[in-house]
Amino acid sequence: MSVKKRVPMREQAPEKRIHNFDSVPLGYSREEAVQEAKRCIQCKNPTCESGCPVKMKIKSIINEIANENFEKAFFIAKEDNAVPAITGRVCPQEDQCEGVCILEKKGQPINIGKLFAFVADWARENNIEEHLEIKDNNKKVAVVGAGPAGITCSVDLRKAGYHVTLFEALHMAGGVLQYGIPAFRLPRDVVDYELSFLEKIGVEIKLNSIVGQNMSFEELRNQYDAVFLATGAGAPRFLHIEGEKLKGVYSANEFLIRVNLMKAYKFPEWDTPIVCGNKVGIIGCGNVAMDAARCAKRLGAKEVYILYRRTRKCAPARREEIKHAEEEGIIFKEMVCPSRIIGNDDGWITGIELVQTKFEGFDKSGRPKPVNVDNSQFVMELDTLVNALGTTPNRLFLRNAPELETHSWGGIKVDENLMSNLEGVFAGGDALTGGSTVIEAMGHGRQAAAAIDKYLTK
Ligand SMILES: Cc1cc2nc3c(=O)[nH]c(=O)nc-3n(C[C@H](O)[C@H](O)[C@H](O)COP(=O)(O)OP(=O)(O)OC[C@H]3O[C@@H](n4cnc5c(N)ncnc54)[C@H](O)[C@@H]3O)c2cc1C
């Protein structure tokens with residue numbers, strides 16, 4: 001089978017984009033989208049759909065795009081996914097739908113993500129909206145956390161007639177979509193527009209509402225027929241090495257929240273200070289590390305280093321993010337592990353001591369296991385360090401719900417229906433997994449909404 005080449009995605013040139021926070025991909029034009037959709041061979045049993053946690057009807061959507069029925073394609077997409085323009089941009093499609101596309105074997109899978117982003121953007125630009133007839137059923141559900149899991153659960157429950165109140169600790173809904181992923185990957189007008197759908201269908205959103213602090217978990221349980229916990233995993237992990245409290249050392253969460261949610265990148269228009277020096281180190285090699293590195297570059301850092309104890313080939317970051325980071329001049333220092341952070345008398349970071357690593361066997365996840373090489377320490381000068389080692393579920397909430405069963409690392413324990421040990425209390429997303437993907441969290445949101453509906457109608 002000869003396979004036509006993927007229609008390439010136009011992008012901002014690296015030398016230009018490192019000076020702005022505008023979207024890197026420029027999106028398909030109408031003609032490009034149709035041409036790309038026409039490459040789809042419309043498999044009888046589409047493997048791409050089995051790879052999608054929210055079970056999008058990928059084959060039909062692509063078929064409608066190929067036939068220029070964009071409105072129909074959009075409505076089919078919205079049946080299973082409240083935020084297709086967002087997932088089209090940030091999903092790791094290479095590990096999901098595109099990873100199992102039959103054309104992947106030839107190295108040219110259909111660009112499903114960019115097609116979905118195209119069709120959702122087209123609907124927004126043409127003011128195409130869903131108009132749903134919702135019949136209220138007089139039952140109330142509280143959803144805690146307005147990230148992808150909470151948003152998806154709220155939409156599905158509202159569509160089924162429930163009165164849904166969505167409690168969010170921050171002053172904006174979106175979770176990581178708002179505070180973590182930078183605008184050059186996920187433009188904020190796209191996020192704001194897709195999230196405005198919740199209020200349009202009658203989901204009540206209560207911002208600045210920290211469950212466990214502004215109101216107790218018990219109050220919530222008494223006032224609602226069911227509760228869905230989608231509090232994410234926003235607590236940073238630390239290295240526990242000397243020097244971590246020095247000035248100029250950030251957790252990736254703090255760094256990205258300052259830049260994205262509190263708009264430090266628009267300083268002084270937005271009055272959020274951020275100190276980002278000329279020589280910046282980022283510890284880790286996942287999506288979070290790539291985001292932090294690319295933000296630092298855009299904030300004016302001259303040299304930005306990814307410090308990683310493996311090689312980028314076994315890194316958890318999306319391939320596209322690594323490629324974009326490389327194009328933007330991010331330097332990958334592989335096979336190194338931090339042993340201490342060095343500071344001056346004023347308490348500011350001046351450098352980091354690193355140890356060389358080598359591979360010895362494999363760890364539990366099947367990846368090559370790095371071990372430190374004896375006497376291989378060396379010092380690298382740095383004026384800013386961002387720790388992107390991963391996150392764990394937020395203990396603040398958990399401390400206020402001592403009766404809720406959790407794993408030792410803080411993840412909420414649930415049964416096969418995503419119900420916790422507490423009657424009528426369900427949970428999903430990163431609060432369960434400790435950190436996964438937007439679409440996995442949305443998959444939990446859908447699964448929990450169906451389980452809550454079953455629970456409340458039994
Ligand atoms: C920087 C970064 C980049 C990423 N890039 C990608 C990517 O490219 N692709 C991808 O698929 N995934 C990516 N991820 C992972 C993905 O974003 C998460 O897996 C996903 O957002 C999890 O969704 P969630 O709804 O479970 O939690 P979150 O998105 O974390 O949302 C949880 C929400 O709950 C709120 N909350 C917490 N406690 C309370 C409380 N007590 N009361 C009220 N509200 C509360 C929080 O404020 C937050 O808004 C990235 C993550 C990060 C941090």
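The values are calculated or read from the model by the stated rules, or taken from the named source; none is laboratory data. For clarity, every value in this text was computed on a predicted model and none was experimentally measured. Positions of Cβ are generated from backbone atoms using ideal geometry, with glycine treated the same way; all protein chains shown enter the neighbour counts.
Given the options ARG367, ARG318, name the one that is in contact with a helix residue (DSSP H, G or I) (Cβ under 8 Å, 6 or more places away or on another chain) and over 25 Å from ARG89 (Cα atoms).
Values: ARG318 fails: over 25 Å from ARG89 (Cα atoms).
The match here is ARG367.
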- Matching option when the condition is closer than 30 Å to LYS333 by Cβ and outside any strand (DSSP E or B), among LEU422, LEU398, LEU389: LEU389
- Message: So, in the range 88-119, exactly how many residues are within 16 Å of the ligand (Cβ to nearest atom) and either in contact with a His (Cβ under 6 Å, 6 or more places away or on another chain) or part of a helix (DSSP H, G or I) (or both)?
- Response: 11
- Note on the structure: Listed by first then second residue, the pairs whose first member lies in the range 319-339 and is more than 23 Å from VAL24 (Cβ to Cβ) and touching a residue at least 60 places away in the same chain (Cβ under 8 Å), whose partner is buried (at least 16 other Cβ atoms within 10 Å of the Cβ) and among the charged types (D, E, K, R), with beta carbons under 9 Å and at least 6 positions apart or on separate chains, are PRO338/ARG309; PRO338/GLU353; SER339/GLU353
- Say whether the condition of being more than 16 Å from the ligand (Cβ to nearest atom) and buried (at least 23 other Cβ atoms within 10 Å of the Cβ) is met by at least one residue in the range 281-295. yes
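Output the residues belonging to the range 427-457 that are more than 10 Å from the ligand (Cβ to nearest atom) and either assigned to a loop (DSSP other than H, G, I, E, B) or in contact with a His (Cβ under 9 Å, 6 or more places away or on another chain) (or both).
THR457
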- Message: Can you find, within the range 343-386, the residue that is surrounded by the fewest Cβ atoms within 10 Å (Cβ to Cβ) among those that are free of Cβ contacts under 8 Å to residues at least 40 places away in the same chain, assigned to a strand (DSSP E or B) and charged (D, E, K, R)?
- Response: GLU360
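Does any residue of the range 306-329 turn out to be in a strand (DSSP E or B) and not aliphatic (A, V, I, L, M)?
no
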- Filter the range 401-419 for residues that are in a loop (DSSP other than H, G, I, E, B) and of a type in the set (A, V, I, L, M, F, W, C); the one that is surrounded by the most Cβ atoms within 10 Å (Cβ to Cβ) is LEU418
- Item | Check on LYS135, of a type outside the set (A, V, I, L, M), modelled with pLDDT of 95 or more, under 22 Å from GLN223 (Cα atoms) and more than 8 Å from the ligand (Cβ to nearest atom) | no
- Task: Can you tell me which residue among LEU432, LEU456, LEU418 is within 21 Å of ILE151 (Cα to Cα) and without any contact (Cβ under 8 Å) to a residue 24 or more places away in the chain?
- Result: LEU432
- Considering each of LEU382, LEU354, LEU299 in turn, give the residue that is closer than 21 Å to ASN253 by Cα and at pLDDT 95 or above. LEU382
- Message: Being of a type in the set (S, T, N, Q), within 9 Å of the ligand (Cβ to nearest atom) and within 24 Å of ILE134 (Cβ to Cβ) is the filter here; which residues of the range 167-223 pass it?
- Response: SER209
- Quick one: which helices (runs of 4 or more DSSP H) lie wholly within the range 141-243 and hold at least 2 residues that are assigned by TED's automatic domain parsing to the domain that holds VAL425 and charged (D, E, K, R)? 148-159, 188-200, 217-223
- Message: So, VAL144, is that one away from the ligand (no atom under 12 Å from the Cβ), farther than 17 Å from TYR455 by Cα and buried (at least 21 other Cβ atoms within 10 Å of the Cβ) or not?
- Response: no
- Item | Residue list for the range 55-65, restricted to those being farther than 13 Å from ILE112 by Cβ and surrounded by 18 or more Cβ atoms within 10 Å (Cβ to Cβ) | GLU64
- Query: Can you name every residue in the range 392-423 that is farther than 10 Å from LEU229 by Cβ and among the small types (Gly, Ala, Ser)?
  - Reply: SER408, GLY410, GLY411
- Tally time: how many residues in the range 37-63 are free of Cβ contacts under 8 Å to residues at least 40 places away in the same chain and part of a helix (DSSP H, G or I)? 3
- Hey, does the range 330-346 have a residue that's under 22 Å from the mean Cα position of the chain (by Cα), within 16 Å of the ligand (Cβ to nearest atom) and not assigned by TED's automatic domain parsing to the domain that holds ILE210? yes
- Query: Do we find that PRO393 is closer than 26 Å to GLY234 by Cβ, buried (at least 20 other Cβ atoms within 10 Å of the Cβ) and modelled with pLDDT under 95 in this structure?
  - Reply: yes
